[in-house]
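Engineer: Below is a structure I'd like to ask you about.
The values are calculated or read from the model by the stated rules, or taken from the named source; none is laboratory data. A quick note: this is a predicted structure, and the numbers were derived from the prediction, not measured. In this analysis, Cβ positions are derived from the backbone assuming ideal geometry, glycine residues included, and neighbour counts consider all displayed protein chains. With ligands, DNA and RNA removed, areas are computed over all heavy atoms of the protein, side chains included. Shrake-Rupley method; radii C 1.70, N 1.55, O 1.52, S 1.80 Å.
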Amino acid sequence: MAFYALPLAMALLEASLSQLTGTEDGTADAVYVPPDTEMIYLAQESLLASQVSALRDANPEMVELFALLGAGHPYQTVFRREVEAVAGLLENAYGAQGRIIKLVNSAAAHTAYPLLNRTNLQAAVDALSQTMDEDDVLLLFLTSHGSPGRLNILFDGLIGRDLTPSDIDEALSTGGVKNVIIILSACYSGSFVDELARPERLVLTAARHDRTSFGCAHENEWTNWGRAFFAQALSDERDPRRAAEIAQEIVAKLEAKGGLTPSEPQISIGAAIGPALDALIQGSP
């Protein structure tokens, strides 16, 4: 794949940011400016290339974690914050520095990151697959609003269709990644489990197929499930299977205290993923 030069992307980034006045967090002082579609799409290859070129080669002597992190809904910055926070946690817990790609839809900063769309999702999976060894593990984390069978990535003038389970499965299958942890933080995200489940995949969702999840307020640092899993459970328990169980308990208590309908986060453990996860944990910092 040919990529535009990085200086062009930086110039486009500055131009995009200059279109906005007011604050990034969407307060009353901010003025919405529709995105410059041509400029933003011109920047995509270069924005993604800058992250791909920074990837470190895999260490053939150990099982390592690579990650693709995506924020879908562009009009609430909680999802972007969550992606950025998860990147830091994965670097600390699994030594994933130089092994992470971030895709973010942001109405406040159109070209701070490549868009989370189907094209970039596939390109990012392909790039990580080419860098990883066969026994390494890919963590795919997507955070957004959701509805049954849909993860919201709609973006005025830029993206006109949400992500579906088949979009995600196709990206992973075409990319040829063997061992995958799929983590979806969205309402109704349990509706993705049946289509995404495979023997060599661990699938974790913030809610069951017919339930909402909570905490996606614009000013929040985390969604409720994201905080429970990443910031609380995974910070102490590096086995994602056990961390998911701990997060279920944390979320259940929080929702009960608030009188909320239980979201019931889901855990689907493929029959063949265990050895890769065990080796990853043993090799973690």
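Engineer: Taking H as built 1.01 Å from N, whose amide H comes closer than 5 Å to the amide H of S147, not counting residues under 5 places away?
Structural biologist: Amide H to amide H, under 5 Å and 5 or more residues apart or across chains, S147 pairs with N152.
Engineer: Subtracting the Cα-Cα distance from 0.36 nm times the residue separation, let me have the gained length for D210 to S147 in nm, one decimal.
Structural biologist: Value of the extension gain: 21.8 nm.
Engineer: Roughly to the nearest percent, how much of the accessible area of segment 81-131 is carbon and sulfur, given a 1.4 Å probe?
Structural biologist: Heavy-atom surface of segment 81-131 belonging to carbon and sulfur, 1.4 Å probe: 39 percent.
Engineer: Let me check I've understood the local charge: for P114, count other residues with C-beta under 9 angstrom from its C-beta, Lys and Arg +1, Asp and Glu -1. What total comes out? If you can, show how the numbers build up before the last one.
Structural biologist: On the way: positive: K102; negative: E45.
Around P114, the surrounding residues sum to 0.
Engineer: Net charge near D169, counting Lys/Arg +1 and Asp/Glu -1 over other residues with Cβ under 10 Å of its Cβ?
Structural biologist: Value of the local net charge: -1.
Engineer: Also: Given a 1.4 angstrom probe, what's the average accessible area per residue across segment 135-285, in square angstrom?
Structural biologist: In whole numbers, segment 135-285 has 40 Å² accessible per residue.
Engineer: Could I ask something else about it? Report, please, the projected area of the chain averaged over directions, based on the convex hull of its C-alpha atoms, in nm².
Structural biologist: On the way: hull surface 56.4 nm².
About 14.1 nm², averaged over all directions.
Engineer: Turning to a different aspect of this structure: Give me the one-decimal Kirkwood hydrodynamic radius in Å for segment 186-285, with the sum taken over alpha-carbon pairs. Don't skip to the answer; put the middle values down first.
Structural biologist: Working: mean 1/r = 0.0711 Å⁻¹.
Final number for the Kirkwood radius of segment 186-285 is 14.1 Å.
Engineer: Give me the distance between the Cα centres of segment 183-221 and segment 228-285, rounded to whole Å.
Structural biologist: One Cα centre to the other: 12 Å.
Engineer: On a full-extension model of 0.36 nm per residue, what is the gain between T119 and S50, subtracting their alpha-carbon distance, rounded to one decimal in nm?
Structural biologist: Taking T119 through S50 to full extension adds about 23.2 nm, to one decimal.
Engineer: One quarter of the convex hull surface, Cα atoms only: what value does that give for segment 27-131 in nm²?
Structural biologist: 7.2
Engineer: How charged is the neighbourhood of S147? Take every other residue with its Cβ under 14 Å from the Cβ of S147, and add Lys/Arg as +1 and Asp/Glu as -1. Provide the component values of the computation, followed by the final result.
Structural biologist: Values: positive: R150, R161, R208, R211; negative: D162, D210.
Local charge sum for S147: +2.
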